[in-house]
1. List every residue pair whose Cβ atoms sit under 7 Å apart, with the two residues 6 or more apart in sequence or on different chains, where the first one lies in the range 111-122 and is at positive phi and polar (S, T, N, Q) and the second, anywhere, is surrounded by 14 or more Cβ atoms within 10 Å (Cβ to Cβ) and at pLDDT below 95.
2. Conditions: (1) closer than 30 Å to Gln202 by Cβ; (2) in the same structural domain as Asp402 (by TED's automatic domain parsing). Tyr310 meets all but one. Number of the miss?
3. I'm trying to understand the selection: among the residues of the range 277-306, which are of a type in the set (Ser, Thr, Tyr) and surrounded by fewer than 24 Cβ atoms within 10 Å (Cβ to Cβ)?
4. Quick check on my filter: what residues within the range 404-419 are within 17 Å of Leu452 (Cα to Cα) and among the acidic types (Asp, Glu)?
5. Name the single residue, out of those in the range 349-389 being among the polar types (S, T, N, Q) and under 24 Å from the mean Cα position of the chain (by Cα), that is farthest from Thr245 (Cα to Cα).
6. Scan the range 231-249 residue by residue and report those that are buried (at least 20 other Cβ atoms within 10 Å of the Cβ) and not hydrophobic (A, V, I, L, M, F, W, C).
7. Of Ala352, Ala332, which residue is assigned to a loop (DSSP other than H, G, I, E, B), assigned by TED's automatic domain parsing to the domain that holds Glu420 and of a type in the set (A, V, I, L, M)?
8. Within the range 4-45, count every residue that is of a type in the set (Val, Ile, Thr) and assigned to a loop (DSSP other than H, G, I, E, B).
Amino acid sequence: MEIQIEYTSRGYSLSITGPAWNAEPCEIRFPEEVWASFPAKETMRNELAYITTLVPPLILKHPTVWYSTPKPRFLNFYEECFELAIPNMVELIPAEESGDILERFRSILRHFPGESTRKEMKRLDSWNPRRVILPFTFGKDSLLSLATLRNLGYEVIPVNIDERVLPRFKAMRVSLKKQLAEEYGLTCSLVENEIQLLSDWQVLEQPVTRLHQVHIFFIYLFAMIPFCTYYRAPTIVLSNEYENTLNTVHRGGHLSPHKIMQGHMISQRLGRVAEQFSGGQITAVNLIGILDNFSIHRILHEEFPAYGKYRVTCNMELSEYSRWCHDCYRCAQPFIYFMALGRDPFSMGFEASMLEEDKKSLYSLFRQAIHPKDDFHRFVRDEESLAFLMAHRRGAKGPLMDCFEKEFLRDTEKREAKLEEKIFRLQAKPGRSRVEREAAGLYQDFLAKYRLRKTRS
């Protein structure tokens with residue numbers, strides 16, 4: 001397998017050739033004016049050539065890859081992240097085992113024509129510390145980051161990446177972007193990433209896999225850097241919640257963070273990569289890494305409801321529903337959180353109740369047993385317990401509410417004060433940047449108010 005990557009007028013074109021498999025050239029495209037002024041095209045090319053092709057040889061079981069570009073500067077970091085994330089990626093794929101994937105990944109021989117370069121990006125002037133770049137998805141996390149930043153007086157440049165693998169979500173996003181522009185005057189910039197198709201199991205005609213879920217975080221980081229230089233915005237704002245950092249027991253007994261690529265450690269290291277790549281001119285921060293899921297939901301929908309209404313959360317490509325798939329924990333939790341806060345879930349796009357008996361497995365609260373070292377599910381169970389109690393007091397009905405009232409109500413009432421203290425607080429120390437500290441102060445005020453507020457109707 002041979003990898004060729006060339007410059008285009010708006011980005012890069014990448015092709016894969018070889019005796020066993022060929023792919024038509026695919027491009028990653030930036031707005032023309034953003035790309036034209038970008039001063040680090042060569043060094044970014046060396047990183048993206050590897051990042052965007054990290055997965056295809058693994059999925060296709062190709063043993064050898066030849067690159068036309070030098071070894072990427074952050075190769076060890078990319079490989080370390082992939083190996084650490086294997087338990088996350090294979091969790092829901094019974095045909096894949098962590099040990100087998102790790103062995104196959106390490107067996108791939110990747111040849112580069114030269115060693116990596118530590119050439120730093122050209123020094124630029126006129127940086128605006130009150131201007132930030134926000135990778136934007138219309139999920140609750142990036143919506144809260146957007147609302148927070150605007151509340152704090154920052155100028156926000158939202159950037160969305162179209163990976164060409166979710167056409168239904170793309171159509172919804174186009175409509176939401178138009179509404180966002182009309183209401184707030186915010187233009188959401190676009191990066192078109194056709195190269196992601198080369199890591200899609202359906203395009204490659206291979207069995208279902210989630211091995212593409214690591215390199216997209218590297219792409220999201222590097223794709224923001226041309227916008228940083230164009231707008232002279234020195235900060236990229238990531239949006240990764242606290243729970244991602246908590247350990248869970250994955251299939252096969254592997255203990256690792258729930259979503260390691262969106263956890264605290266990797267978020268910090270991505271910031272250092274941005275700093276090293278740019279010679280200290282650009283960094284990445286994470287405002288909401290100090291907040292749990294329920295707190296994010298509550299702050300977004302109680303303090304910033306005008307932003308919360310844009311929320312789209314899960315993958316709906318194969319769903320019969322229009323906005324929520326109704327078949328994952330990312331739908332179950334918002335449903336009960338809306339009920340807890342006295343908001344009608346159906347007004348937020350739900351079309352069926354998530355309190356029916358067949359949704360029981362989607363909640364950590366109703367799991368038969370939780371491993372003593374599974375910090376993630378134990379924390380989420382407490383979040384859901386508090387939410388079910390709040391929903392119960394608002395008169396919520398359904399088979400799962402009946403189950404809660406029969407099995408958990410009395411114990412949850414006894415623990416209510418402790419649960420409120422545990423959930424509605426900062427879960428970690430904020431980062432050292434000014435914007436992270438400012439956001440933490442804002443969140444601290446909101447959370448203190450929630451701890452004092454009576455939940456009884």
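The values are calculated or read from the model by the stated rules, or taken from the named source; none is laboratory data. Since this is a predicted model, take the numbers as computed values, not measurements. Here the Cβ positions follow ideal geometry from the backbone for every residue, glycine too, while neighbour counts run over all protein chains shown.
1. none
2. It fails just one condition, (2).
3. Listed by number, the residues that qualify are Ser278, Thr283.
4. Glu413, Glu416
5. Among them, the one singled out is Ser361.
6. Result: Pro234, Thr235, Ser239, Asn240, Glu241, Tyr242, Glu243, Asn244, Thr245, Thr248.
7. Of Ala352, Ala332, the one residue that is assigned to a loop (DSSP other than H, G, I, E, B), assigned by TED's automatic domain parsing to the domain that holds Glu420 and of a type in the set (A, V, I, L, M) is Ala352.
8. 1
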